[in-house]
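S.K.: To start, I am sharing the structure in question, which I have written as structure tokens.
The values are calculated or read from the model by the stated rules, or taken from the named source; none is laboratory data. Because the structure is a prediction, the values reported are computed rather than measured. Glycine gets a Cβ as well: all are built from the backbone with ideal geometry, and neighbour counts include every protein chain shown. Surface accessibility is based on the protein's heavy atoms, side chains included, excluding ligands, DNA and RNA. Shrake-Rupley method; radii C 1.70, N 1.55, O 1.52, S 1.80 Å.
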Amino acid sequence: MTRIGVLASGSGTNLQAILDACAAGTIPAQVAVVVVNVPAAPAKERALKSGVPVVTIDHREFASRAAFDTAVLAALELHQVEIVCLAGFLRLLSPLLIEHFKNKILNIHPALLPSWPGLHAQRQALEGGARFAGVTVHLVDSGTDTGPILLQAVVPVLPSDTEEQLSMRLRVLEHRLYPEAIRLVAEGRVRIEGRRAILDGAHWPAEEAALWCPSVP
Ligand code: GRF
């Protein structure tokens, strides 16, 4: 059983999806600890309800990012974490964590990277006139949302979409995609070649690969 550490700052719906997948046995892993940097984060409740230990490390109490990350690393090591999942964790990681868990830190981002990195990705896609939006699970490197891409899923942007409506459709995809990507890493099926993640044994059924395009008469 691979031991996962989840870092969260907010509502924790992705954390919930991970907890549910572990409980259902769909991924060969268990959440060993949840670390939150926001004392009031609802993610805490979700962890506690599942009997998972929660460590609150308030970043405002630390003089530097490195000092904060040192405390996070100590919590992860204490719980013998092997894979780290960022689930709405609104802090950049320092090299300390990234090097310690090299190619073992996953992040989920509500856009089709490398387009629309950073904050408010859904709004960026809408304002940028994108025809498609999506979700990316990637490995974390030292850039902002730049690491090797593991999985992506796509939805069309509808002309009537508000930021909220698009975000809701993307959220449903996130909850399917994140556990799937964790499974690939936990099963040791990810190989890194340059900037690419090669997924051993992955196949894409034709219907999944079908493109959705608006027709213009
Ligand atoms: C998600 O949209 C995720 O893609 C982004 O932060 C949000 C976290 O939501 N990284 P939740 O806390 O998992 O509900």
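S.K.: What residues have an amide H closer than 5 Å to that of C85, excluding those fewer than 5 places away on the same chain, when H is modeled at 1.01 Å from N in the peptide plane?
M.R.: G5, V6, L7, L106
S.K.: Next question, about the same structure. Whole Å is fine, so just give me how far the alpha carbon centre of region 21-54 lies from that of region 139-196.
M.R.: If you average the Cα positions of each part, the centres end up 20 Å apart.
S.K.: Separate question: With the other protein chains left in place, how much accessible area per residue, in square angstrom, belongs to the chain at a 1.4 angstrom probe?
M.R.: Computed with neighbouring chains in place, this is 52 Å² per residue.
S.K.: Working from Cα positions, state the angle (0 to 90°, nearest 10) between the long axis of helix 163-186 and the longest principal axis of the chain.
M.R.: For helix 163-186, the angle is close to 60 degrees.
S.K.: Give me the percent relative contact order of the chain, please, defined on Cα pairs under 8 angstrom at least 6 residues apart.
M.R.: The normalised contact order for the chain reaches 18 percent.
S.K.: Could you sort 9-16, 81-88 so that the peptide with the highest average Cβ count within 10 Å comes first and the rest follow in order?
M.R.: Descending packing order for the listed peptides: 81-88, 9-16.
S.K.: Quick one: length gained pulling A23 to E77 fully straight, 0.36 nm per residue minus the C-alpha distance?
M.R.: 17.2 nm
S.K.: Compute the helix-to-body angle for 65-78: its Cα long axis versus the longest principal axis of the chain, expressed 0 to 90° and rounded to tens.
M.R.: 80
S.K.: Per residue of the chain, what 222 nm ellipticity follows from adding -39500 (n - 2.57) for every DSSP H run with n ≥ 4, rounded to the nearest 500?
M.R.: When only DSSP H runs of four or more count, the value is -10000 deg cm²/dmol.
S.K.: For K49, go through the aspartates and glutamates and keep the ones whose alpha-carbon is under 14 Å away, minus same-chain ones fewer than eight residues off.
M.R.: Result set, ordered by chain and number: D20.
S.K.: Another question, then. Comparing I192, I27, I57, which has the greatest mean-square fluctuation in the GNM of the chain with Cα pairs linked when under 10 Å apart?
M.R.: I192
S.K.: Stokes-Einstein D for region 107-217 at 4 °C, 1.567 mPa s, Kirkwood Rh over Cα pairs, in µm²/s?
M.R.: Taking Rh from Cα pairs, D becomes 87 µm²/s.
S.K.: Can you tell me, using C-alpha contacts under 8 Å and at least 6 residues apart, the relative contact order of region 107-217 as a whole percent?
M.R.: So the answer I get is 22 percent.
S.K.: Continuing with this model, one more query. Identify, among P148, Q122, L78, the residue whose Cα sits farthest towards the positive end of the charge dipole of the chain, taking +1 on the Cβ of Lys and Arg and -1 on the Cβ of Asp and Glu, with the dipole about the Cα centre.
M.R.: L78
S.K.: Another question, then. When a/c reaches 1.5 or more, the comparison of a/b and b/c decides; with that in mind, is region 68-165 rounded, prolate or oblate per its Cα gyration tensor?
M.R.: Here region 68-165 falls in the prolate category.
S.K.: Here's another thing I want to ask about it. Assuming 0.890 mPa s and 25 °C, estimate D for the chain with Stokes-Einstein, Rh taken as the Kirkwood radius over Cα pairs, in µm²/s.
M.R.: Result for D is 137 µm²/s.
S.K.: Taking the Cα atoms only, what angle lies between the long axis of helix 13-24 and the longest principal axis of the chain, rounded to 10 degrees?
M.R.: On a 0 to 90 degree scale, this one is about 80.
S.K.: Mind listing the long-range amide H neighbours of I192? Cut-off is under 5 Å, sequence gap 5 or more, other chains count too, H placed in the peptide plane at 1.01 Å from N.
M.R.: Sorted by chain and number, the residues that satisfy this are I198.
S.K.: Shifting gears a bit: How much of the accessible area of region 107-217, probe 1.4 Å, is carbon plus sulfur, in whole percent?
M.R.: Carbon and sulfur atoms account for 55 percent of the accessible area of region 107-217.
S.K.: Provide the percentage of antiparallel DSSP beta bridges, counting only those with both residues in the chain; round to the nearest 5.
M.R.: For the chain, the DSSP antiparallel bridge percentage is about 45.
S.K.: Still on this structure: At 20 °C and a viscosity of 1.002 mPa s, what translational diffusion coefficient does Stokes-Einstein give for region 1-79, taking Rh as the Kirkwood radius over Cα pairs? Give it in µm²/s as a whole number.
M.R.: In µm²/s, the coefficient rounds to 168.
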